[in-house]
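Asks: A single structure is presented below for examination.
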Amino acid sequence: MELRELTALELGAAIKKGEVSMAEAAQAALDRISAQAGVLNSFITVTGQQALDRAARLQAGARDAQSPLYGVPMAIKDNICTRGVKTSCASKILGDFEPLYDAAVVERLAGAGAVSLGKLNMDEFAMGSTSETSFYGPVKNPWDLERVPGGSSGGAAAAVAAGMGWYAIGSDTGGSIRQPASYCGVTGIKPTYGTVSRYGLIAYASSLDQIGPLCRDAADCAAVLDVLMGHDRRDATSLPGRYSDWSGSGPRMDYGRLLEGLTGDIRGMKIGLPEDCFGDGLDGAVRTAVLAVSDVLEGRGAEIVPLPFPVLEYAVPTYYIIAAAEASSNLSRFDGVKYGWRADGYEGLADLYRKTRTQGFGPEVKRRILLGTFVLSSGYYDAYYKKALQAKAVIKSAFDRVFRQCDMLLTPVAPTTAPRLGESLDDPLQMYLGDIYTVSVNLAGLPALSMPCGFDRRGLPIGAQLIGPHFGEGALLNTAHAFQLDTDYHRRTPKGGDPA
């Protein structure tokens, strides 16, 4: 078996046993990145020599490593700060910005012995559902180079699917981990809001953003989350977690808590099947594949509970009003004064702001800033933003009621498989509607997971979504693991992007 066909945990075990060196693993990933750089466009910055140097430094500690992911090459979405390494949010306005500090998740990964290969392409400032709005050009889906990988963590999903690293770290504001995971046939999880520190994540919508992993399977996701989750006093929204707070000697990490819970035993688990998620607008192949998941889980002893979920129709407008409003505020800091790119030929401070923001932001970012400024403006705040906050509370209450009837929900991730490049940019409203099954999770701050569950007639991956109550990551990962014990969709690899 080729190295790229191993899961992150399998590679970590091989490194620990001395069957594979870290340098060999890193070089294999870098060779894949080089071979596909002009095809998939998954990376913005490749830190090849840094990766090889770190692999060489870490090799001596492989046999005594505590983390099962020690020495495993991975990559990071380009909106997560990395000290001394370009972090652009795929936007012209940040230029060649190099942060002076690492994000909290980057620190935790470094402590676990991760080897970073570089920074991954994405939708500009995470605004998009296709990874086509990047200043550095669109990412392509390795299953079909004429189709999108999903967004905004499309570079992460495409890289993992194509073997350019064994896992990736992305961010999810309204489905930006789960939807590209679905389109690219990998597994991704958005954790409970506040369980992973957002310190060092360049904000899009602060009340919705959450960092999480994209991996080959649920076991890898569990292992990565064991590293990422935990309290961080530098993030005011960070919740007390399983790891100690920061001290003079750094955080004391315990590995394997989620990973150890992957027994595959889901007997007696009640899994809700929301009828409103399987109605009009859902592609037939997606419906068939997701419903087949319920059959597999039922065969493992779970109880399937059909139930209504009537608030789904409010999710998309509520999400886009709140997200755009927060983006309007968060992106006001990018003005050409403090850091990043600055326009030439300006006359005075106001003209500097205007020209830098006009020339530095792409069309989708401008659209969302304008929408957010509008809904926050005098005369429209009550009509739009205040009502959106009220609808958000209704959606959260609906989830609370549902989870009194079942342990988790099973839904599609997206209404269709991956659309063709350019289709969504020509019809932004249709792109927004593609988030219908994912955005409500972020509005309620819940954990949710996407796992591959089939393919359509064109050979494009289909993803199923599991949604749990707050702090339900363990049950979600174990249920996905149970499904993956009985299926091999997560083991299949695409041919797109392979050199001829």
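Asks: So for the chain, averaging the separation of alpha carbon pairs under 8 Å that are six or more residues apart and normalising by length, what relative contact order in percent results?
Replies: Once divided by the residue count of the chain, the mean separation gives 18 percent.
Asks: Also, quick follow-up: Show that you can apply the helix-only estimate: for the chain, add -39,500 (n - 2.57) for every DSSP H stretch of four or more residues, divide by all residues, and state [θ] at 222 nm to the nearest 500.
Replies: The per-residue figure over the chain is -11000 deg cm²/dmol.
Asks: Contact order normalised by length for segment 41-193, with contacts defined as Cα pairs under 8 Å and 6 or more residues apart; what percent is it?
Replies: Taking the mean separation of contacting Cα pairs over the length of segment 41-193, I get 23 percent.
Asks: Would you tally the net charge around Arg83, using a Cβ to Cβ cut-off of less than 13 Å, leaving Arg83 out, and scoring K and R as +1, D and E as -1?
Replies: -1
Asks: What is the distance, in nm, between label points placed 7 Å from the Cα along the Cα-to-Cβ direction at Arg287 and at Ser34?
Replies: 4.9
Asks: Let me ask something else. Once you have a ≥ b ≥ c as the square roots of the Cα gyration tensor eigenvalues for segment 350-463, tell me rounded if a/c is under 1.5, and otherwise prolate or oblate according to whether a/b is larger than b/c. Walk me through the intermediate numbers first.
Replies: Numbers: a/c = 2.96, a/b = 1.28, b/c = 2.32.
In terms of gyration-tensor shape, oblate.
Asks: Longest exposed-loop-site-free stretch of the chain, with GluC sites (Glu not before Pro), DSSP loop and at most 14 other Cβ within 10 Å?
Replies: That gives 147-346 as the longest site-free run.
Asks: So what is the diffusion coefficient of segment 1-47 in µm² per second by Stokes-Einstein at 20 °C and 1.002 mPa s, using a Kirkwood Rh over Cα pairs?
Replies: Diffusion coefficient, whole number: 184 µm²/s.
Asks: If you don't mind, another one. Please report the antiparallel percentage of the DSSP beta bridges confined to the chain, to the nearest 5.
Replies: So the antiparallel bridges in the chain amount to around 70 percent.
Asks: So between Arg354 and Asp96, what do we pick up on full extension, going 0.36 nm a residue minus the alpha carbon distance? Working shown, then result.
Replies: Numbers: separation 258, 0.36 × 258 = 92.88 nm, distance 2.04 nm.
The span from Arg354 to Asp96 would gain 90.8 nm if fully extended.
Asks: Please report the carbon-and-sulfur percent of the accessible area for the chain; probe 1.4 Å, protein heavy atoms only, DNA, RNA and ligands left out.
Replies: 52
Asks: Rg and Dmax of segment 102-255, Cα atoms, in Å?
Replies: Both quantities, over Cα of segment 102-255: 15.0, 51 Å.
Asks: Separate question: Name the trypsin sites (Lys or Arg not before Pro) in segment 419-500 that are in a loop by DSSP and that have at most 11 other C-beta atoms within 10 Å, would you?
Replies: Those satisfying the criteria are Arg457, Arg458, Lys495.
Asks: How much length would be gained if the chain were fully extended between Lys366 and Thr487, taking 0.36 nm per residue of separation minus their Cα-Cα distance, in nm to one decimal?
Replies: 39.3 nm
Asks: Say R0 is 30 Å: what FRET efficiency, to the nearest 0.05, do Arg63 and Glu2 get from their beta-carbon distance?
Replies: The calculated FRET efficiency here is 0.80.
Asks: Next question, about the same structure. Are there any trypsin sites (Lys or Arg not before Pro) in segment 42-104 that are in a DSSP loop and have at most 15 other Cβ atoms within 10 Å? List them by number.
Replies: Sites meeting the loop and neighbour criteria: Arg63, Arg83.
Asks: Enter the accessible area per residue of the chain (Å², integer; probe 1.4 Å; all protein chains in place).
Replies: So the chain comes to 37 Å² accessible per residue, rounded to a whole number.
Asks: What percent does the relative contact order of segment 182-241 come to when contacts are Cα pairs within less than 8 Å and at least six residues apart?
Replies: Computed over segment 182-241, the figure is 41 percent.
Asks: Using 7 Å Cα-to-Cβ label points, what is the Asp276/Leu145 separation (nm, one decimal)?
Replies: Reported label-point gap for Asp276 and Leu145 is 4.3 nm.
Asks: Which residues does the label zone of Gln430 cover in segment 128-142, counting backbone N under 15 Å from a point 7 Å along Cα→Cβ?
Replies: Zone members listed by number: 129-130.
Asks: So, one more: Identify which of the listed values of Kirkwood radius over Cα pairs in Å was calculated from the structure shown: (i) 22.4; (ii) 25.6; (iii) 26.3.
Replies: (i)
Asks: Check each of the trypsin sites (Lys or Arg not before Pro) in segment 258-287 and keep only those in coil by DSSP with at most 15 other C-beta atoms within 10 angstrom; list them in order. Mind showing how you got there, number by number?
Replies: Numbers: sites: Arg267, Lys270, Arg287; in loops: Arg267.
Those that pass, being in a loop and sparsely packed, are Arg267.
The values are calculated or read from the model by the stated rules, or taken from the named source; none is laboratory data. What you see is a predicted model, and the numbers here were worked out from it, not measured in a lab. We place every Cβ from the backbone using ideal geometry, glycine too, and count neighbours over all the protein chains shown. The protein model used for the area step is the full one, side chains on, heavy atoms only, and it has no ligands, DNA or RNA in it. Shrake-Rupley method; radii C 1.70, N 1.55, O 1.52, S 1.80 Å.
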